[in-house]
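The values are calculated or read from the model by the stated rules, or taken from the named source; none is laboratory data. All of these numbers come straight from a predicted model, not from anything done at the bench. With ideal geometry, Cβ positions are generated from the backbone for all residues, glycine too; neighbour counts draw on all protein chains shown. For the accessible areas, the whole protein counts, side chains as well, though only heavy atoms, and no ligand, DNA or RNA atoms are used. Shrake-Rupley method; radii C 1.70, N 1.55, O 1.52, S 1.80 Å.
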Amino acid sequence: EVQLMESGGGSVQTGESLRLSCEVSGFTDHDYSIGWFRQAPGKGREGISRISISDGQTVYADSVRGRFTISSDYGEDTVYLQMNNLTPNDTDVYFCAASVWVSSANWRMPDRYSYWGQGTQVTVSS
């Protein structure tokens with residue numbers, strides 16, 4: 001069974017940085033994608049970035065482009081989200097998700113991802 005686990009969240013001040021990790025297990029090959037989402041209480045999940053493990057292609061939402069960087073380690077069992085220049089608007093629960101079918105056209109849609117982690121809290125104070 002595919003399992004995902006996020007870590008690295010915490011409380012920081014405006015302008016500081018955090019690096020989130022998504023540990024991935026259960027895939028028998030590297031033909032899948034990992035997306036990062038965030039969700040505020042009472043709101044839907046917002047897609048912020050995606051990486052294709054098979055070819056390394058990455059995409060970003062406009063809200064984080066230039067500040068956040070998604071990457072994978074050599075073994076492709078951990079995906080990272082480096083978050084720089086954080087603001088209070090980045091305060092959310094952050095989730096990683098996996099899919100073997102997500103495309104560049106619909107990567108922001110949570111319904112396209114089959115597997116989800118439990119989330120990690122990020123809090124940014126002024």
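When the residues of the stretch 82-91 are narrowed to those that are more than 12 Å from the chain's Cα centre (by Cα) and open to solvent by 20 Å² or more (accessible area, probe 1.4 Å), which ends up farthest from Ser125 (Cα to Cα)?
Our first condition is that a residue be more than 12 Å from the chain's Cα centre (by Cα); within the stretch 82-91, this holds for 84-91.
So of that shortlist, the ones also open to solvent by 20 Å² or more (accessible area, probe 1.4 Å) come out as 84-85, 87-89, 91.
Details: Asn84: 14, Asn85: 12, Thr87: 7, Pro88: 6, Asn89: 9, Thr91: 8 Å.
So the residue we want is Asn84.
Quick check on my filter: what residues within the stretch 105-122 are open to solvent by 50 Å² or more (accessible area, probe 1.4 Å) and touching a Ser or Thr at 6+ places or on another chain (Cβ under 9 Å)?
Looking only at the stretch 105-122, we keep the residues that are open to solvent by 50 Å² or more (accessible area, probe 1.4 Å), and these are 105, 108-109, 111-112, 114-116, 118, 121.
Within the stretch 105-122, Arg112, Ser114, Tyr115, Gln121 qualify.
So which residues in the stretch 65-92 are assigned to a strand (DSSP E or B) and within 17 Å of Ile34 (Cβ to Cβ), if there are any at all? Explain how you work it out, then say what you get.
We begin by selecting, within the stretch 65-92, every residue assigned to a strand (DSSP E or B); these are 65, 68-72, 78-83, 92.
Phe68, Thr69, Ile70, Ser71, Ser72, Thr78, Val79, Tyr80, Leu81, Gln82, Met83 - these are the residues of the stretch 65-92 that are assigned to a strand (DSSP E or B) and within 17 Å of Ile34 (Cβ to Cβ).
Please find, among Val59, Val79, Val102, the residue that is more than 15 Å from Ser17 (Cβ to Cβ), in contact with a helix residue (DSSP H, G or I) (Cβ under 6 Å, 6 or more places away or on another chain) and open to solvent by less than 40 Å² (accessible area, probe 1.4 Å).
Working: Val59 fails: in contact with a helix residue (DSSP H, G or I) (Cβ under 6 Å, 6 or more places away or on another chain); Val79 fails: in contact with a helix residue (DSSP H, G or I) (Cβ under 6 Å, 6 or more places away or on another chain).
Answer to the check: Val102.
Residues are listed down the side, and each one gets a yes or a no for (1) part of a loop (DSSP other than H, G, I, E, B); (2) under 15 Å from the mean Cα position of the chain (by Cα); (3) in contact (Cβ under 8 Å) with a residue 12 or more places away in the chain:
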position	(1), (2), (3)
Phe95	no, yes, yes
Ala98	no, yes, yes
Ser103	yes, no, no
Trp107	yes, yes, yes
Gln118	yes, yes, yes
Thr123	no, no, yes
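Would a scan of the stretch 28-51 turn up a residue that is touching a Pro at 6+ places or on another chain (Cβ under 9 Å), polar (S, T, N, Q), assigned to a loop (DSSP other than H, G, I, E, B) and open to solvent by 50 Å² or more (accessible area, probe 1.4 Å)?
no
Residues Thr14, Thr28, Thr69: which one is free of Cβ contacts under 8 Å to residues at least 24 places away in the same chain, of a type in the set (Val, Ile, Thr) and within 22 Å of Val124 (Cα to Cα)?
Values: Thr14 fails: free of Cβ contacts under 8 Å to residues at least 24 places away in the same chain; Thr28 fails: within 22 Å of Val124 (Cα to Cα).
Being free of Cβ contacts under 8 Å to residues at least 24 places away in the same chain, of a type in the set (Val, Ile, Thr) and within 22 Å of Val124 (Cα to Cα) holds for just one of Thr14, Thr28, Thr69, which is Thr69.
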